[in-house]
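Below is one structure, written out as structure tokens, with a few remarks after it.
Quick note: the coordinates plus some simple rules give every number you see, no bench work behind them. Just so you know, these numbers come straight off a predicted model, no measurement behind them. Cβ placement follows ideal geometry from the backbone for every residue including glycine, while neighbour counts extend to all protein chains displayed.
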Amino acid sequence: MHEDSTKTKSPRRVGLWLVGAHGGVGSTTALGLAALGHGQIAPTGLVTKLPEFANVDFDEPDTFVVGGHDSRSTFRDTVEALHSRSNIFAPEVLDECAERIDAWQANIRPAVTLEASATPWAAVDRVVADITAFRARHKLDDVVVVNVASTEPPATPLHANSPREAFEAALATNGLGVPMSTLYAWAAVAAGCPYVNLTPSLGGSFPAFEEHCKHHKVPHLGQDAKTGETLLKSVLAPMFRQRNLRVLSWVGHNILGNNDGRVLANPANKASKIRTKDALLGELLDDKPQSHVSIEFIESLDDWKTAWDHIHFEGFLGVKMTLQFTWQGCDSALAAPLVIDLARLALLAHRRGAAGALAAAACFFKSPLGASVHDLASQFGMFKRYVLG
Ligand SMILES: NC(=O)c1ccc[n+]([C@@H]2O[C@H](COP(=O)([O-])OP(=O)(O)OC[C@H]3O[C@@H](n4cnc5c(N)ncnc54)[C@H](O)[C@@H]3O)[C@@H](O)[C@H]2O)c1
């Protein structure tokens, strides 16, 4: 039993630092936190607000201050554009939260890029300075850093498997092949903050980073949130296995029209996403079936992502059958509550002294770090046991 699991309203003030703050997910998260903090919306979609967690001392939405990095747009412009193109928010929520998200706008710092930094280490230094100043300015007890920036191409930096000191020393030179997501992650932990990677980008998914987190005694959670098609895969694949039905092939076509879709139209960036969406079938089924995942940018759909999956399977006496499903989800509205859940979970884990990959967060991710369990029911059990202590 943990000391802090009694139901008392936390007097803490905490920060949510969003890398990629002004994207669809980042801005919807800011709007959602503002609306939750004012009691304007129900917490539908938030796992940490399920009745069974009512006595857990998670930080409440009204105790969060939002900040982050981005150079494009503003919170207000992004949510208004999402609303006018995709018709996804209630107008009164936009009106009543405008003042609060405008106030948070002052906490946003320009995106840090490798191109504009003398060395990777200089980029890390900048990020540490920005986060530290935010924590001091708002007198925050803790800050969680969440990566919601554009997906990067796959990366395998030199020294990723070396000891932490070797990786860190190499950051002072150029030519390491370290992506920006990793520099943000390294900086977050160096600043003493728990870190969450909502994206398929590398971030902190390598051994030297695990050591970095243990050294600084902070947890990290990742990688690539499962919000739609992959979430369904992690529910349906175990069902086929539990009924001893043999999946012969699984084909998934995804079409989306938001800015994430535009970035994923680049084959190098798309490779990261396809890898995380496809890998889990091999983990969930005894024999990996023939599988195919496609992602296409269809501009007119805006934030409405559609997945169409065709699953061909074999039953008793070799009879072949088919399951097909379509999933039409609003991308930002699916991902934003998970950002809030993961921020609350990471802050709770930090308070409890967790360090390194937090396996209990597996139910939120396509490629869970620190856990090899992929089926949602088992993952949810792990989450529940951890949270309830
Ligand atoms: N359902 C979902 O929406 C979902 C699920 C899982 C993962 N994700 C991932 O979340 C991420 C965000 O998705 P989105 O729809 O908000 O995308 P988006 O393109 O709308 O937003 C990404 C933001 O990142 C910013 N950015 C890019 N490089 C940056 C840098 N170096 N520093 C700071 N900011 C930077 C961009 O300016 C942009 O505002 C993507 O990687 C996506 O794959 C989304």
(message) Nothing charged except the Cβ atoms of Lys and Arg (+1) and of Asp and Glu (-1): what's the magnitude of the dipole of the chain about its Cα centre? Round to the nearest 20 debye.
(response) 680 debye
(request) Subtract the Cα-Cα distance of residue 266 and residue 241 from 0.36 nm times their separation in residues, and report this length gain in nm to one decimal. (result) 5.5 nm
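Is the stretch 328-389 best put as rounded, prolate or oblate by its Cα gyration tensor, with a ≥ b ≥ c the root eigenvalues, rounded for a/c under 1.5, and otherwise prolate when a/b is larger than b/c, oblate when not?
Judged from the Cα gyration tensor, the stretch 328-389 comes out oblate (a/c at least 1.5, b/c at or above a/b).
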(request) With θ set to phi - 60°, apply the Karplus curve 6.51 cos²θ - 1.76 cosθ + 1.60 along the stretch 14-27 and write out the HN-Hα couplings as whole Hz, x wherever there is a Gly or Pro. (result) 10, x, 10, 9, 9, 8, x, 3, 8, x, x, 5, x, 5
(request) Kindly express, to the nearest 10 degrees and within the range 0 to 90, the angle between helix 75-86's C-alpha long axis and the longest C-alpha principal axis of the chain. (result) 30 degrees
(request) Take the alpha carbon gyration tensor of the stretch 277-389, find the square roots of its eigenvalues, order them as a ≥ b ≥ c, and report rounded if a/c is under 1.5; if not, report prolate when a/b exceeds b/c, else oblate. (result) oblate
(request) Please identify which residues in the stretch 199-233 have an amide N closer than 12 Å to a label point set 7 Å out from the Cα of residue 172, following the Cα→Cβ vector. (result) none
(request) Round to the nearest 10 and give me the degree value, 0 to 90, for the angle of helix 376-388's Cα axis relative to the longest principal axis of the chain. (result) 30 degrees
(request) Return the loop-located trypsin sites (Lys or Arg not before Pro) in the stretch 202-251 (DSSP other than H, G, I, E, B) with at most 15 other Cβ atoms within 10 Å of their own Cβ; answer none if there are none. (result) 217, 243
(request) Beyond 31 Å between alpha-carbons counts as too far, so tell me which of 217/270; 139/270; 226/288 fall in that bin. (result) 217/270; 139/270
(message) Looking at the stretch 8-69, I'd like the Rg to Rh ratio, where Rg is from alpha-carbon atoms and Rh is Kirkwood's inverse mean 1/r.
(response) 0.97
(request) Give, rounded to the nearest 20 debye, the magnitude of the charge dipole that the stretch 230-389 has about its Cα centre when Lys and Arg contribute +1 at Cβ and Asp and Glu contribute -1 at Cβ. (result) 560 debye
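Taking the Cα centre of the stretch 158-272 as origin, sum charge times position over the Cβ atoms of Lys and Arg (+1) and Asp and Glu (-1), and report the length of that vector in debye to the nearest 20.
It works out to roughly 540 debye.
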(request) Name the residues whose placed amide hydrogens come within less than 5 Å of the amide hydrogen of residue 69, ignoring near sequence neighbours (fewer than 5 apart) on the same chain. (result) 18, 19, 20, 21, 109
(message) Counting only helical runs of four or more DSSP H residues, what would the 222 nm mean residue ellipticity of the chain come to if each run contributes -39,500 (n - 2.57) and the total is spread over all its residues?
(response) -13000 deg cm²/dmol
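Among 176-183, 68-75, how do they line up by average Cβ neighbours within 10 Å per residue, starting with the highest? Walk me through the intermediate numbers first.
Numbers: 176-183: 22.5, 68-75: 20.6.
Order by mean packing, descending: 176-183, 68-75.
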(request) Between residue 38 and residue 139, with labels modelled 7 Å along Cα→Cβ, what's the label distance in nm to one decimal, could you check? (result) 2.5 nm
(message) Greater than 27 Å separation of Cα atoms is the criterion. Which listed pairs, 233/384; 214/305; 49/273, meet it?
(response) 214/305; 49/273
(request) Under 1.5 on a/c is rounded, so check that first for the stretch 184-268, then, if it is not, pick prolate when a/b is larger than b/c and oblate when it is not; a ≥ b ≥ c are the square roots of the alpha carbon gyration tensor eigenvalues. (result) oblate
